[in-house]
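Here the structure comes first, spelled out in structure tokens, and everything after it is commentary.
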Amino acid sequence: VISVLVLAKVKHLSAPQIFDTIAMALLNGQMLGRWGNFFNREAFGGYTDSLFAMRLPLDAVRSSDVTEQMRRHIERIDGVSYIQVHPTFLYESLWCMVLLIILFAYRKHKKYEGELFLMYLFGYGLGRFWIEGLRTDAPPCESDCRFTAVFLFYSSIPFSFVFISSIASSNDPYSPEQ
């Protein structure tokens, strides 16, 4: 964020317009990047027997990531033990795809520069908070990840007021003409 603000100031560009462009690229990267969690067999949720349940070989998962509930529901198929879990990587990938589609459809109707970025912060933070609640593994940022999701969600609110008030006063401090 700071880099974009500095670049916009030095090059006399509109920072909110740059943020709007970046929002779509971030979502695309996050949507595709989550599939790395699938291939690494990490960032999965707790036990489930729902439609989207994913089976993982027990020996391919860190033992510290396997909960007691998962252990109670271990299935053995041809001598291999499997756990059945929420594929949170899939949930987040689908969430990002839906959010990307919404932003893409809304972009022609936006009322001010930076609005798409704020929608990204709000939507991604909301989805990430929900998905992190499903995870059972302990990522290095365990409490920080949920904090980041909440921060993204709530930071979009005051930034909305800043952008809206600057538009209302017709004196956009982020405008390249300034």
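The values are calculated or read from the model by the stated rules, or taken from the named source; none is laboratory data. Source: prediction; values computed, not measured. Cβ placement follows ideal geometry from the backbone for every residue including glycine, while neighbour counts extend to all protein chains displayed. Ligands, DNA and RNA are stripped out before the accessible areas are found, and what is left, the full protein with its side chains, is counted by its heavy atoms. Shrake-Rupley method; radii C 1.70, N 1.55, O 1.52, S 1.80 Å.
Of all the residues that make up region 52-93, how many are closer than 24 Å to Tyr124 by Cα and either of a type in the set (A, V, I, L, M, F, W, C) or exposed (fewer than 12 other Cβ atoms within 10 Å of the Cβ) (or both)? Before the answer, list the steps.
If we filter region 52-93 for residues that are closer than 24 Å to Tyr124 by Cα, which is where we start, we get 52-54, 85-93.
Then drop every residue that is not either of a type in the set (A, V, I, L, M, F, W, C) or exposed (fewer than 12 other Cβ atoms within 10 Å of the Cβ) (or both), which leaves 52-54, 85, 89-90.
Looking only at that region, the number is 6.
Within region 18-35, can one find any residue that is out of contact with any His (no Cβ under 9 Å at 6 or more places or on another chain), β-branched (Val, Ile, Thr) and at pLDDT below 90?
Start the filter on region 18-35 by keeping residues that are out of contact with any His (no Cβ under 9 Å at 6 or more places or on another chain), which leaves 18-35.
Of the ones still in play, those that are also β-branched (Val, Ile, Thr) are 18, 21-22.
Then drop every residue that is not at pLDDT below 90, which leaves none.
No, region 18-35 has no match at all.
Of everything in region 1-35, what is among the aliphatic types (A, V, I, L, M) and open to solvent by 70 Å² or more (accessible area, probe 1.4 Å)? Give them in sequence order.
Once the filter is applied, which keeps residues that are among the aliphatic types (A, V, I, L, M) and open to solvent by 70 Å² or more (accessible area, probe 1.4 Å), region 1-35 yields Val1, Ile2, Leu5, Val6, Leu7, Val10, Leu13, Leu32.
Looking only at region 121-136, which residues are part of a helix (DSSP H, G or I), in contact with a helix residue (DSSP H, G or I) (Cβ under 6 Å, 6 or more places away or on another chain), open to solvent by 40 Å² or more (accessible area, probe 1.4 Å) and not aromatic (Phe, Trp, Tyr)?
Residues satisfying the conditions are Leu126, Leu134.
Given (1) in contact with a Phe, Trp or Tyr (Cβ under 8 Å, 6 or more places away or on another chain); (2) within 30 Å of Ser14 (Cβ to Cβ); (3) at pLDDT 90 or above, identify the lone condition not met by Glu75.
Looking at each condition in turn, Glu75 falls short on (2).
Just checking, does region 38-49 include any residue being over 20 Å from Arg128 (Cβ atoms), of a type in the set (Ser, Thr, Tyr) and open to solvent by less than 80 Å² (accessible area, probe 1.4 Å)?
Looking only at region 38-49, we keep the residues that are over 20 Å from Arg128 (Cβ atoms), and these are 39, 41, 47, 49.
Among the residues that remain, those that are also of a type in the set (Ser, Thr, Tyr) are: 47.
Filter again for open to solvent by less than 80 Å² (accessible area, probe 1.4 Å), leaving 47.
For region 38-49, residues over 20 Å from Arg128 (Cβ atoms), of a type in the set (Ser, Thr, Tyr) and open to solvent by less than 80 Å² (accessible area, probe 1.4 Å): present.
Starting from residues that are part of a helix (DSSP H, G or I) and small (Gly, Ala, Ser), keep the ones in region 8-32 and report whichever is farthest from Tyr91 (Cα to Cα). Give the steps one after another, and end with the answer.
Of the residues in region 8-32, the ones part of a helix (DSSP H, G or I) are 8-11, 15-32.
Filter once more, keeping what is small (Gly, Ala, Ser): 8, 15, 23, 25, 29.
Working: Ala8: 35, Ala15: 31, Ala23: 19, Ala25: 19, Gly29: 15 Å.
Taking the candidates together, the pick is Ala8.
Does Ala43 count as of a type outside the set (Val, Ile, Thr) and modelled with pLDDT of 90 or more? Walk me through how you get there before you give the answer.
Values: of a type outside the set (Val, Ile, Thr): yes; modelled with pLDDT of 90 or more: no.
Judged against the criteria, Ala43 is not a match.
Output the residues belonging to region 62-91 that are more than 18 Å from Phe38 (Cα to Cα), among the hydrophobic types (A, V, I, L, M, F, W, C) and touching an Asp or Glu at 6+ places or on another chain (Cβ under 9 Å).
Residue satisfying the conditions is Val80 alone.
Can you run down the residue pairs with Cβ atoms below 8 Å, 6 or more apart or on separate chains, where the first is in region 19-40 and more than 16 Å from Ile102 (Cα to Cα) and the partner is among the β-branched types (Val, Ile, Thr) and part of a helix (DSSP H, G or I)?
Within 8 Å, the pairs are Phe19/Val4; Asn37/Thr88.
Output the residues belonging to region 49-68 that are touching a residue at least 12 places away in the same chain (Cβ under 8 Å) and either within 12 Å of Leu90 (Cβ to Cβ) or within 18 Å of the chain's Cα centre (by Cα) (or both). Even if it seems obvious, please write down each step before you answer.
Quick first cut of region 49-68, residues touching a residue at least 12 places away in the same chain (Cβ under 8 Å) only: 49-50, 52-62, 64-67.
The answer is Ser50, Phe52, Ala53, Met54.
Looking only at region 100-120, which residues are closer than 14 Å to Ile22 by Cα and either assigned to a loop (DSSP other than H, G, I, E, B) or in contact (Cβ under 8 Å) with a residue 60 or more places away in the chain (or both)?
Across region 100-120, the qualifying residues are Leu100, Leu103, Phe104, Arg107, Glu113, Gly114, Glu115, Leu116, Phe117, Met119, Tyr120.
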